[in-house]
Structure formats: C-alpha cells, structure tokens
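Just so it is clear, none of the values below were taken in a lab; they were calculated from the coordinates. Values in this document were obtained by computation on a predicted structure and should not be read as measured data. In this analysis, Cβ positions are derived from the backbone assuming ideal geometry, glycine residues included, and neighbour counts consider all displayed protein chains.
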Amino acid sequence: MIKHRSCFQQTAFVLLIGTTTLFSCGEPAKGTGQLVIDNTTIDRPAQLVVLKRTELINQVDSLTPGKYMVATDAGRPLVVQHDDLDGDGAWDEIAFLLPLKSGEQKTLQLTASDAPATIKAAVLAHVRHKRKNADNSFGDDLAKDSVPAGQPATDFSKQPLPPFLTEGPAWENDKVGFRIYFDVRNGKDIWGKTTPRMVLDEVGVDTANNYHAKADWGMDVLKVGKSLGAGSLALLLKDATGKDTLVRLGGINMGPIQYEKLADGPVRAIFRMKYPAWKAIDSTKPIAITEEISIWGGQYCYESKVYLSGAPADARLVTGIVNLHSKESATIDTAGYKALYTYDAQSENKDNLGMAILTANDLFDSYLTTPNSNTDVQNTYAVVLKLREDAATFRFYAGWQPSDEQFATATTFRSFLTQEIIRGTPVKLSWK
C-alpha cells in the first residue's frame with residue numbers, strides 16, 4: 001500500500017496509524033542526510049518512522065558496511081533501532097519514534113557512525129518466548145522454536161506450570177501486551193497494562209502470582225474460550241459439498257508451528273509465526289501460512305501481516321473478536337478504512353474493555369457473527385478479508401479502562417478509534 005507523490009515528496013505507509021517507510025525516485029545529490037517530515041493532520045504522539053538501508057545509502061554520505069545511523073532532531077539524538085530482518089548479519093532498516101504536532105514540520109539530520117548513538121532510553125517494545133526447564137524455572141529467551149502437530153494445551157490440573165512461559169510467545173509495548181498459545185488452540189489473548197515498563201518476562205514464572213487477578217502491573221484481561229479471541233485467524237472456504245465453512249487455524253490439522261523473532265526493541269518488536277502444512281479441510285491441499293506480528297511504542301495495538309500460499313482461490317481470511325461478554329458490535333467506515341469494535345464491561349476484572357479490528361477498504365470483504373454452538377469457531381464477531389498476492393494486513397486494538405481514561409466510555413473509545421484512522425493519512429517525507 002504505497003501512495004506516490006511527486007519526486008522527493010513521496011510517502012509510503014503501513015496501514016493505519018501512519019507507520020512511515022521512505023522511498024525515493026530519481027538520483028538525488030548524495031550526502032545531505034536531511035530528512036523533512038510534514039504532519040498535515042492531527043497530533044501524532046508516537047509516529048513510527050521506518051527507513052530502509054537501500055534508501056539511506058543514496059542519501060547519507062559514508063554509509064558503508066558496518067556503519068550505523070544517527071538521527072538528530074534540532075541537535076537532540078533520537079533512539080534509533082537497527083533491524084536485521086533477513087538474518088544476514090547486516091541491518092536492513094532503522095526505526096525510530098517521533099512526536100509530531102498537528103501541522104508541524106521537522107527536519108532531521110541523519111549521519112553515518114561507527115556505533116549507534118549512546119542514549120539512555122526506556123525499552124518501549126518487547127517480544128519473548130521461553131521454554132520451561134526441568135527445575136520449573138524458565139530458560140533463555142529463544143530466537144526460534146517449534147512444536148509438532150498436535151501440541152497439547154496445558155492441563156493445569158496435572159502440572160502447575162506450562163511448558164512455555166505464559167503458554168507461548170508474548171509481546172508488549174509501554175501500553176498493552178498480547179500472547180499466543182503455542183499449541184493446538186493457537187489463540188491470542190490480551191495483557192492489560194497499568195505500567196509502561198516491560199513486564200512479560202516476569203509474568204507467569206511463579207504460581208503464587210495469579211495473572212488472572214489484577215496486580216500492580218495489570219492482568220490477563222480476556223477470556224478466549226472457543227472464539228477467535230484477540231485477532232486469531234481462520235479461513236472461510238467451501239467444503240467438498242460447496243457449503244461455506246469457517247475453519248480456525250488450530251487443532252491437529254494445523255500441523256507444526258514455528259516461531260521466529262526478527263526484532264526486539266527498544267522501539268519496535270517483530271516476530272513470525274509459521275504454519276507450513278495446514279490441512280484446513282480434507283478436500284483441500286495443505287496451505288502454508290505465515291503471520292508477521294509487530295508492535296511499537298505508544299500504541300494500543302499490534303499489527304498483523306498474513307501471507308498464505310496454496311489456499312483455494314475463493315477462500316477468505318477471517319480474524320475476530322471474542323464476544324462472550326459483549327452485548328453488540330459496532331462499525332466505523334471512513335477515510336479508506338473499516339473498523340469492527342466492541343465495548344463493554346467485558347474484561348476478566350469485570351471492568352470496561354474496548355477491542356477493535358481495523359483494516360483498509362481494499363482488503364475488506366464482509367462482517368460476520370459466528371454461532372455460539374455446533375461450530376468450530378464460536379462467540380466471535382469477525383472481519384472477512386480478501387486474499388491477495390501480498391500480505392493481508394490488519395490491526396487489533398485493546399483499550400482497557402484502567403490503562404487509560406480515554407477508554408472510560410463507549411463514546412471515548414470510538415473517538416480514539418476515529419483518531420487512529422485519521423492518523424492513517426501518511427506524513428510527508430522528503431530529502432533536502
């Protein structure tokens with residue numbers, strides 16, 4: 001999804017909040033390293049800017065192999081994260097956060113350096129996955145891991161701790177956290193947070209501290225059950241008789257699961273979940289699916305990019321929101337995007353929680369509500385997405401009232417979502 005403007009006034013963005021990735025055209029004079037950023041819409045307290053190395057080579061003098069990037073705003077160095085996304089040992093992108101007022105223009109200076117800028121900064125994004133040791137402690141944070149088809153869910157009546165910390169990979173930023181069950185359930189859950197510090201390395205290590213009860217950091221706020229929880233995945237396709245069938249990405253037919261961490265703070269965290277042999281239904285060939293999930297500082301959401309290979313041509317991707325404790329859903333349709341959301345006293349603490357799925361109009365197919373019995377996926381308000389050659393992208397938002405008073409009412413939660421959609425208008429980037 002790239003919107004082009006005239007040469008040196010181009011903008012590209014990733015879906016909704018205005019995550020900004022820069023591209024250029026032509027061959028500008030090399031060596032200035034001055035990046036101009038224009039915000040023509042509302043305030044952006046934490047604008048994520050992502051710049052590719054291939055672009056920076058054309059703009060920053062002396063950016064040779066082994067060098068790092070330093071970015072300064074009016075002489076103040078920014079926290080710049082260097083990410084090696086293809087695993088070749090050299091960084092491919094840099095990412096930083098920048099506050100922007102409505103109508104504000106900033107000029108950043110980017111220079112090459114032998115080392116990243118030395119800045120004492122809080123970690124604003126983190127992803128982790130740990131296996132349990134024989135002594136019931138949890139080991140090191142893993143960069144990669146896998147489980148075979150049929151990995152069972154933990155039976156807590158037989159063992160006090162699961163084989164993986166909080167039952168699977170967990171990711172968080174300074175506002176909210178999430179997890180995914182690394183087993184046949186394959187569901188996503190929400191960590192409501194009341195602190196900006198990273199807490200998910202500590203949560204779940206001690207059975208004396210029940211994370212289903214509210215603590216000083218927050219709690220697990222969601223009951224998932226047989227639903228799609230907090231943005232879990234399913235496929236809508238036709239069975240052998242031609243009947244539309246909704247099949248969750250779960251169960252033994254899901255096949256093996258692979259986890260791979262790509263980036264881990266302080267600005268953003270990125271990881272992939274791979275399912276190379278999903279036999280959705282007996283009448284289809286195995287489907288390969290990869291979900292790339294990212295989170296960054298200052299946001300109440302994660303972003304998911306889903307890639308499918310081998311799915312039937314008429315299949316549709318489905319993601320959803322659990323509705324076990326919500327009375328109704330609502331929608332927003334504006335500015336090129338659609339949102340499905342709920343708001344109710346639906347947290348496990350019985351306080352107010354808003355949840356939403358946002359996606360672009362060109363991906364949107366339809367909404368649906370699942371039956372609550374006699375079906376694979378239950379208790380779910382869902383968004384049906386078209387399949388494309390590139391990724392199907394959506395964002396899942398979680399607004400828990402104890403995290404922020406802007407989630408105190410249904411009206412304020414809807415206002416929050418409307419502002420997020422406005423921020424989907426990309427900032428303008430250009431090189432001097």
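Separation of the range 328-397 and the range 141-179 by C-alpha centroid, Å? What the calculation gives is 24 Å, centre to centre.
Around the Cα centre of the range 126-284, unit charges on the Cβ atoms of Lys, Arg, Asp and Glu (plus for the first two, minus for the last two) sum to a dipole of about 460 debye. Computed from backbone phi, the HN-Hα couplings of the range 311-319 come to 6, x, 4, 8, 6, 9, 7, 10, 9 Hz, rounded to whole numbers (Karplus: 6.51 cos²θ - 1.76 cosθ + 1.60, θ = phi - 60°; Gly and Pro given as x). Within 15 Å, Cβ to Cβ, of Lys101, how many net charges do the neighbouring residues add up to if Lys/Arg are +1 and Asp/Glu are -1? Every neighbour counted, the sum reads 0. By the count of neighbouring beta-carbon atoms within 10 Å, fewest first, Trp431, Trp296 end up ordered Trp431, Trp296.
Applied to the range 75-80, the Karplus parametrisation 6.51 cos²θ - 1.76 cosθ + 1.60 on θ = phi - 60° returns per-residue 3J(HN,Hα) values of x, 8, x, 9, 6, 10 Hz, with x for Gly and Pro.
Our note on the geometry: Cα centres of the range 31-109 and the range 268-307, 27 Å apart.
Choose one answer from Ile57, Ile321, Ile37: the residue with the largest mean-square fluctuation in a GNM of the chain with alpha-carbon springs under 10 Å. It is Ile57.
Springs between Cα atoms under 10 Å define the GNM used for the chain, and in it the highest mean-square fluctuation of Lys132, Lys214, Lys158 occurs at Lys158. The percentage of C-alpha pairs in the range 68-206 whose separation is greater than 28 Å is 37%. Computed 3J(HN,Hα) for the range 54-71, one whole-Hz value per residue from the Karplus formula 6.51 cos²θ - 1.76 cosθ + 1.60 where θ = phi - 60°, is 4, 6, 5, 4, 7, 10, 10, 5, 6, 7, 9, x, x, 8, 10, 10, 10, 10, glycine and proline marked x. Of the options (i) 152; (ii) 164; (iii) 175, only one is volume of the Cα convex hull per residue in Å³ as computed from these coordinates, and that is (i).
Computed from Cα atoms, the angle from the helix 410-422 axis to the main principal axis of the chain rounds to 40 degrees.
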